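Visitor: What follows is a single structure, and I will ask about it in a moment.
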Amino acid sequence: FPHPSLPHAMANRSWLLKLAVGGLSRASCRYKSTQPPAKSVTDEQVQKLLTRMTGLDLDKVFKTRREPLSQPLYKLVDEHQLKKSQMETVQRARELLKMPPVLPQRKEKGELIQDDTKLAGLEDTNVVFTDISQTESNSSRRIVVREKNGNLRGATWDERDRMCQIYFPALGRQLTLPAMLQGNDLARLLKEQRHKEVLERANIQCEPDSKDYIRVHHMVYDDIDQRGLYDLLRSTRHFGGLLWYLMTRQLLKGILEEMLEKNQSLSNVTVVEGSCRDLRYPGDRTAVSNSSSH
Amino acid sequence: MSVRIRLALHGCTNRPFYHIVVAPSKFKRDGRHLEQVGSYDPLPNTNNEKSVALNIERIKYWLSVGAQPTIPVYKLLGMAGLLPIHPRMYLEAERARNAAATKSKSSETESTESEPQPKTA
């Protein structure tokens, strides 16, 4: 139902749509800024907003899927136990909808350790040394490369990921980047509206701060935004990332239009809009009044 | 008899693969060992690199209690930067460079000689 502060005569939905969209486009024209957002994605308020916007559709989260055949389990429970198991289900759903980390791209590695050109010609290939000590974690593992020209350098991220996958394989991960995350295959999957599958595969295959992870995620988000397919990711753990991407780039026009068309609560719309401005300009009076009203 | 850090040959025909292993010299090359501390694949992979795994923690321990690496293992540890480079490695590298230089020189002279010359009767 319409926002209480709006006059009764102006409760017409199409008018509201024009107002919201117009306001945003005016705002983006005025405030073209390249500075980083005022709040980080891990901020409590931001997380609350993203979780709220993701929604919780139990039918979507626990969609029927193929599993190994097993005997169905029937339980006779009273109302109290039924309510308890329903709450547990909601809790499990919330766990499944937790957002994966959103990180900036990792800085390049591969710094020179030792310059030893007298060893040139000893090997005709690079030799990669991986430290397989059990107490190290993959991110801090020492991986060095002795090159053909005799130089000893740290391994690049590509080499690091590969070596860690060889000696400490992660479930579901390949050594090379799967075809479905690049080029024509990716474009075809997006055309078939299989965005969620692509994101799930990227989450399994790549580290959150790697170049490929960010590239794939941004491509998917851009495609969704261009085609208005926000509902594909609603009530999945990827919606938070999508919304954060749009908010930090001031690309909310499409998603707010969609929310209004789907008769989403206007309070949701104003919260998103207000939080977006709040991100960029924490001192802005309108942003403060919006965020304080919720 | 002393404890060595050495290469144990595994893999199969025409496909060697070494385990880097701590064992007394009395034990068989591929047999019983005290501990495996790494692996070495002498054949380059699709990215044209040879991969060596080293359990640095355990290698350091065994070196500290007097285990002797064999020459191939010493060379690997030297290349990894854990131990100083073996002097033979500099020698072998120089010999390899010289061989490559003479080979390229001889191939150059061959190519100049292969120009059409008049047949001798």
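The values are calculated or read from the model by the stated rules, or taken from the named source; none is laboratory data. No experiment lies behind these values; they were computed from the predicted model shown. No Cβ is skipped: glycine too gets one built from the backbone with ideal geometry, and neighbour counts run over all protein chains shown. For accessibility, only protein heavy atoms count, side chains too; no ligands or nucleic acids. Shrake-Rupley method; radii C 1.70, N 1.55, O 1.52, S 1.80 Å.
Visitor: Restrict the search to the range A:135-225; then list the GluC sites (Glu not before Pro) that DSSP places in a loop and that have at most 13 other Cβ atoms within 10 Å of their Cβ. Please list the in-between numbers first.
Guide: Details: sites: A:E136, A:E147, A:E159, A:E192, A:E197, A:E200; in loops: A:E136, A:E147, A:E192.
Counting only loop positions with at most 13 other Cβ atoms within 10 Å, the GluC sites (Glu not before Pro) in the range A:135-225 are A:E192.
Visitor: To continue, here is another question. Take each of the peptides A:139-145, B:91-97, B:9-15, average the number of other beta-carbon atoms within 10 Å over its residues, and list them starting from the highest.
Guide: Order by mean packing, descending: A:139-145, B:91-97, B:9-15.
Visitor: While we're on this one: Taking A:K83 as the anchor, which lysines have their alpha carbon closer than 19 Å to its alpha carbon, excluding any fewer than eight residues away along the same chain?
Guide: Here the lysines satisfying the reach criterion relative to A:K83 are A:K75.
Visitor: Would you please give the residues with an amide H less than 5 Å from that of B:V37, counting only those at least 5 places away or on a separate chain, with H modeled from the backbone geometry?
Guide: B:I20, B:V21, B:V22
Visitor: Along the range A:101-107, what does the Karplus equation 6.51 cos²θ - 1.76 cosθ + 1.60 (θ = phi - 60°) give for ³J(HN,Hα), rounded to whole Hz, x for Gly and Pro?
Guide: Listing the rounded values in order: x, 10, 10, x, 5, 6, 6 Hz.
Visitor: If you don't mind, another one. What are the residues whose amide H is under 5 Å from the amide H of B:G11, where those residues sit 5 or more places off or on another chain and H is modelled from the backbone?
Guide: Answer set, sorted by chain and number: B:F17.
Visitor: Once phi is turned into θ = phi - 60°, what whole-Hz ³J(HN,Hα) does the Karplus curve with 6.51, -1.76 and 1.60 give for every residue of the range B:43-50, x standing for Gly and Pro?
Guide: Working through the residues one at a time gives 9, x, 8, 5, 8, 6, 9, 9 Hz.
Visitor: From the cross-link list A:K48/A:K191; A:K109/B:K50; A:K60/A:K196, which pairs have alpha carbons spaced over 24 Å apart?
Guide: A:K48/A:K191
Visitor: DSSP loop trypsin sites (Lys or Arg not before Pro) in the range B:6-81 with at most 16 other Cβ atoms within 10 Å of their Cβ, which ones? Could the numbers behind the result be given before it?
Guide: Values: sites: B:R6, B:K26, B:K28, B:R29, B:R32, B:K50, B:R58, B:K60, B:K75; in loops: B:K26, B:K28, B:R29, B:R32.
Those satisfying the criteria are B:K26, B:K28, B:R29, B:R32.
Visitor: Follow-up question, since we're still on this one. Rounded to the nearest 100 Å², what is the buried accessible area between A and B, both sides summed, probe 1.4 Å?
Guide: 2300 Å²
Visitor: In whole Hz and in residue order, list the ³J(HN,Hα) couplings for the range A:196-206 that follow from phi through the Karplus curve 6.51 cos²θ - 1.76 cosθ + 1.60, θ = phi - 60°; x for Gly and Pro.
Guide: Along the range A:196-206, the couplings run 5, 4, 4, 5, 4, 5, 4, 5, 6, 6, 10 Hz.
Visitor: Could I ask something else about it? Could you please put A:T156, A:T176 in sequence from largest to smallest accessible area, using a 1.4 Å probe?
Guide: The ordering from most to least exposed comes out as A:T176, A:T156.
Visitor: With the cut-off at 23 Å, tell me which of the pairs A:K118/B:K105; A:K118/B:K75; A:K39/A:K63 have Cα atoms farther apart than that. Walk me through the numbers on the way to the answer.
Guide: On the way: A:K118/B:K105 21 Å; A:K118/B:K75 15 Å; A:K39/A:K63 34 Å.
Going by Cα-Cα distance, A:K39/A:K63 fall outside the 23 Å limit.
Visitor: So which chymotrypsin sites (Phe, Trp or Tyr not before Pro) in the range A:109-178 end up in coil per DSSP with only 14 or fewer other C-beta atoms within 10 Å? Working shown, then result.
Guide: Working: sites: A:F129, A:W157, A:Y167; in loops: none.
Listed in order of number, the matching sites amount to none.
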